[in-house]
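Just so you know, all these numbers are worked out from the coordinates, no wet-lab data involved. Everything numeric in this text was worked out from a predicted model, so none of it was measured. So basically every Cβ, Gly included, is an ideal-geometry build from the backbone, and we count neighbours across all protein chains shown.
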Amino acid sequence: MASGSSVVRMAVIGAGFMGSQHIGFIRESSRAELVAVVDPRAAVLGEVGCPTFGETVSMLREVQPDAVVVANPNAAHVETAEVCIREGAAVLLEKPVAGSYASALRLVGAVERYRARLLVGHHRRHHPAIARARAGIRAGEFGSIIAVSGLWAARKDDAYFTDTPWHSEPGAGVTLMNVVHDLDLLRHLCGEPVEVQAMSSSHARGLDVEDTVSLNLRFDNGAVGSFLASDAGVSPWGWDQATEETSAFPFIPDTDAYRIVGTRGALSMPDLAAYTYDTAVSPDWHSPLSRTYLSAGPGNSFLRQLDHFIDVAVGAAEPLVSAADASRTLALVEATALSARTGKTVDLLRFRDALAATAQR
Ligand SMILES: NC(=O)c1ccc[n+]([C@@H]2O[C@H](COP(=O)([O-])OP(=O)(O)OC[C@H]3O[C@@H](n4cnc5c(N)ncnc54)[C@H](O)[C@@H]3O)[C@@H](O)[C@H]2O)c1
């Protein structure tokens, strides 16, 4: 559609937990109109205020939306996105970009071939605190980044696994379902990881997928980092509890999810508490330490993501998270799983090259 058009006609594909939220966000937007919903369970969806379809192709042909939000199970992402971009629709594709790095590369090829407008739904990058933190890190406000640590832990309800079988099957698990967001943000904030080491456990839930993971990263700029996650335990720590992004999680205002240590300062996020030594000359660990809170405007990541997606759809912006970019996050998730299985450090460049070579055969 032309960039001057006022309202983007948008369909949602997959109307489960996340798709229903996208339906709500689209309804809130004055720049988008919900024109169709696709879900094999269309018959039980109830009133959504627009035509519903059981599968994507007939919806695309009949409704010809300008843009689609794809929020179906991970394994269906690439096939669905390919069908949509072939029909000329802009795509907001939920994370992870694909069920595997190899299939993500196929999508990257299709995006290039069709010159498609595709944004991957790593929504946290759109949060005002993350935008502020990234700008500060890039401007050297904290000196050179030396280290980063992060934590995401919460106890998922048992129905999350029993009612939605794919949540406990290979292709899900806390790393791919949740940590993928954190790894994407660590890449966005700290640079490209070059090595990963991991340990994982399925001890707490006893499922085929891991419920807990601990991982170490080395970044291309020399920084190192660690991240710990679990979907089986009680905790106030993690992005979802530290922000008011969705009412589905309790908000704990004084917690954080990530801490970055630099040569001139430190920063926790998303609360944006910045720490520096108060002494101008030769500051060191004996110097007084001051804390100030950086300011970032208000804003919800999902609504800002939708606004950005509309800009991408009308050709007014390049995607903040492209398929190629999100593929690297997915490769990092797969490398984490490999390291956890083998107990070995994984070199990410070699790992991606090996997977790409296999995918081409
Ligand atoms: N960005 C986030 O914070 C976030 C949060 C949760 C889930 N997600 C992502 O959203 C996607 C959906 O997750 P969910 O938790 O909502 O799952 P869900 O199982 O609740 O919903 C998926 C829906 O897709 C439907 N579906 C299945 N196959 C389909 C197909 N071929 N075409 C259209 N619809 C189909 C199912 O009937 C179901 O209603 C996943 O990729 C997940 O990783 C993102």
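Between helix 101-114 and the chain there is an angle of about 60 degrees, using the helix long axis and the longest principal axis of the Cα atoms. Exposure proxy ranking for Arg328, Arg113, based on other Cβ atoms within 10 angstrom of each Cβ and starting from the fewest, stands as Arg113, Arg328. For the pair the stretch 51-111 / the stretch 223-290, the C-alpha centres are spaced 36 Å from each other.
Based on the Kirkwood approach, the hydrodynamic radius assigned to the chain is 21.3 Å, with every pair of different Cα atoms included. Computed from Cα positions, the angle between helix 323-342 and the longest principal axis of the chain comes to roughly 60 degrees. Would you mind classifying the stretch 68-206 by shape? Square roots of the alpha carbon gyration tensor eigenvalues, ordered a ≥ b ≥ c; an a/c under 1.5 is rounded, otherwise it is prolate if a/b is larger than b/c and oblate if not. Note, shape of the stretch 68-206 comes out oblate. Each Cα pair under 8 Å and six or more residues apart adds its sequence gap; the mean of these over the residue count of the stretch 153-210 is a relative contact order of 40 percent.
Based on Cα contacts under 8 Å between residues 6+ apart, the chain shows a relative contact order of 20 percent.
Can you classify the stretch 25-78 as rounded, prolate or oblate using the Cα gyration tensor, where a ≥ b ≥ c are the square roots of its eigenvalues, rounded means a/c under 1.5, and otherwise it's prolate if a/b beats b/c and oblate if not? Let's see the in-between values first.
Numbers: a/c = 1.39, a/b = 1.24, b/c = 1.12.
Here the stretch 25-78 falls in the rounded category.
Couplings 3J(HN,Hα) of the stretch 35-46, computed from phi: 10, 6, 10, 10, 6, x, 8, 3, 5, 9, 5, x Hz, in residue order, whole Hz [Karplus 6.51 cos²θ - 1.76 cosθ + 1.60, θ = phi - 60°; x for Gly and Pro]. What residue among His188, His286, His22 shows peak mean-square fluctuation when the chain is described by a Gaussian network model with Cα springs under 10 Å? With Cα springs under 10 Å in the chain, the top fluctuation among His188, His286, His22 is at His286. Close amide H partners of Val321, meaning residues 5 or more places away or on another chain with modelled amide H under 5 Å apart, are Val120.
Its alpha carbons considered, the stretch 236-361 gives a radius of gyration followed by a Dmax of 20.2, 59 Å.
Comparing Ala248, Ala337, Ala135 in a Gaussian network model of the chain where C-alpha atoms under 10 Å apart are linked, the largest mean-square fluctuation is found at Ala248.
When the helices of the chain are scored as -39500 (n - 2.57) per DSSP H run of n ≥ 4 and the total is divided over every residue, the value at 222 nm lands at -10000 deg cm²/dmol. Return one number: the angle in degrees, 0 to 90 and rounded to the nearest 10, between the long axis of the Cα atoms of helix 348-360 and the longest principal axis of the Cα atoms of the chain. Helix 348-360 sits at roughly 20 degrees to that axis. Apply the Debye scattering formula to the stretch 1-107, with a single equal point scatterer on each alpha-carbon and no solvent, then give log10 I(q)/I(0) at q = 0.15, 0.19, 0.23 Å⁻¹. After summing over all Cα pairs, the log10 values are -0.58, -0.92, -1.29.
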